[in-house]
Amino acid sequence: MRSIDLMREIVFSLGKHNNKNVIWCKFPKNDVLLLAFQKQYPFCRWSNTNKCWYITDSVEIRKQAGLTLKAPTENLLHKIHPVNQPALQRMEHELRLKAYSINTAKVYLGEFSQLLILLNHYPVDTLTPDRLKSYMLYCVNELKLSEAHLHSRLNALKFYFEHVLFKEKFFIEIPRPKSKSKLPKVLSTKDIKNLFDVTTNPKHKLMLQLCYGMGLRVSEIVKLKLTDIDSKRMQVLIENAKGKSDRYVNLPESVLALLRTYYKAYKPKHFLFEGQYGGEYSIRSVQAVFKNGMRLAKINKPVGIHSLRHSYATHLQECGTDMAFIQTLLGHKDMKTTMVYARVGRKEIQKVKSPLDNL
């Protein structure tokens, strides 16, 4: 039975089982249908209590089943006093109308909700700039939020008061904390080669090689579609990336053999890397692949998978690649963002010997 027929036979519904979110799957009693269902969802389980099959709730399954995706406010509203619940909902609607990404909307709503929870029954719309300034001092002195976290919270509050309530210049007297000037964390070419050598799973190795070889964000690697890869032109389309912009990156020639081997072995249907139920491979799984590879390679550095993108840019700069090309390949809108790699990969300065070595 084809998967499209299977999806027509199953009735999906959201629910809970043993205090966990699940998706119930009801279909007529039929041995052929059951085998097709178990093949499509190998991690399905049977509930004796409910006399029904179920699978773990996930975004991928919801998309397949045509179920409503969780709203960003779903887990927040019950924590907020009814007086301020409409404010959170208005903010969510405005974020949707302005087509903010799901991740940005989730962060903004989460940060804004912290203020609403603290206010309890006090209406947020009546706050003055002075009261907001006092709240930010509370975040600094009592909550001990980091500079980055304070910026995130300020951005969320600024969005509500200026874009939802249309109170322009509301934050003009609220200073922003000075951000730390951090340099990207970069791996050496030797470490990266060791990382690839210890990663024997073709799918996992290809993920890591493309992250480094094309300078991709982890969110971009999971969204790669088969149709995005043009092996004739040796280019890959990175569609709807950060900032909702598209760009082309060069496909490394060294991955072609592994790419073909992987495709024959795994036969992905839509996305280059797909999860166990189809659909996008989860970001957390890719991060876990990187973490496991670092452990096997015995690289004891406190870095995440984004360091592969940093390493890509730094190594290009060290090879003499023009910064304008690096900016284009990384998809940066501002050259200032790209120029940080000039502070990391500076072979000329690294060649300077310390006077201590001449003693």
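The values are calculated or read from the model by the stated rules, or taken from the named source; none is laboratory data. A quick note: this is a predicted structure, and the numbers were derived from the prediction, not measured. Neighbour counts are summed over all protein chains in view; Cβ atoms, including those assigned to glycine, are modelled from backbone coordinates with ideal geometry.
Checking each residue in the stretch 247-257 for being closer than 17 Å to LEU226 by Cβ and either surrounded by 16 or more Cβ atoms within 10 Å (Cβ to Cβ) or under 22 Å from the mean Cα position of the chain (by Cα) (or both) picks out TYR248, VAL249, LEU251, VAL255. Would you check which residues across the stretch 322-339 are touching a helix residue (DSSP H, G or I) at 6+ places or on another chain (Cβ under 9 Å) and more than 19 Å from LEU210 (Cα to Cα) and list them? MET323, ALA324, LYS333, ASP334, MET335, THR337, THR338, MET339, listed by residue number.
Checking the stated criteria, LYS180 turns out not to satisfy the condition of being crowded, with 16+ Cβ neighbours inside 10 Å and of a type in the set (Lys, Arg).
Name every residue in the stretch 20-34 that is touching a residue at least 40 places away in the same chain (Cβ under 8 Å) and in contact with a Cys (Cβ under 8 Å, 6 or more places away or on another chain), in order of residue number. Working first, answer last.
Filtering the stretch 20-34 for residues touching a residue at least 40 places away in the same chain (Cβ under 8 Å) gives 23.
The answer is none; no residue qualifies.
Matching residues to (1) more than 24 Å from the chain's Cα centre (by Cα); (2) over 24 Å from LYS185 (Cβ atoms); (3) in a helix (DSSP H, G or I):
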| position | (1), (2), (3) |
| --- | --- |
| LYS242 | no, no, no |
| PRO268 | no, yes, no |
| ALA288 | no, no, yes |
| ASN292 | no, no, yes |
| TYR312 | no, no, yes |
| PHE325 | yes, no, yes |
| THR337 | no, no, yes |
| ASP357 | yes, yes, yes |
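In the stretch 270-286, the residue that is modelled with the highest pLDDT out of those that are surrounded by fewer than 18 Cβ atoms within 10 Å (Cβ to Cβ) and part of a loop (DSSP other than H, G, I, E, B) is HIS270.
Cβ-Cβ under 9 Å, sequence separation 6+ or interchain: first residue in the stretch 35-51 and closer than 19 Å to ILE61 by Cα, partner among the acidic types (Asp, Glu). Which pairs? Pairs that qualify, where the first residue is closer than 19 Å to ILE61 by Cα and the partner is among the acidic types (Asp, Glu), are ALA36/ASP5; ALA36/GLU9; PHE37/GLU9.
The listed residues are LYS225, LYS178, and the only one of them that is farther than 29 Å from GLU318 by Cβ and in contact with a helix residue (DSSP H, G or I) (Cβ under 8 Å, 6 or more places away or on another chain) turns out to be LYS178.
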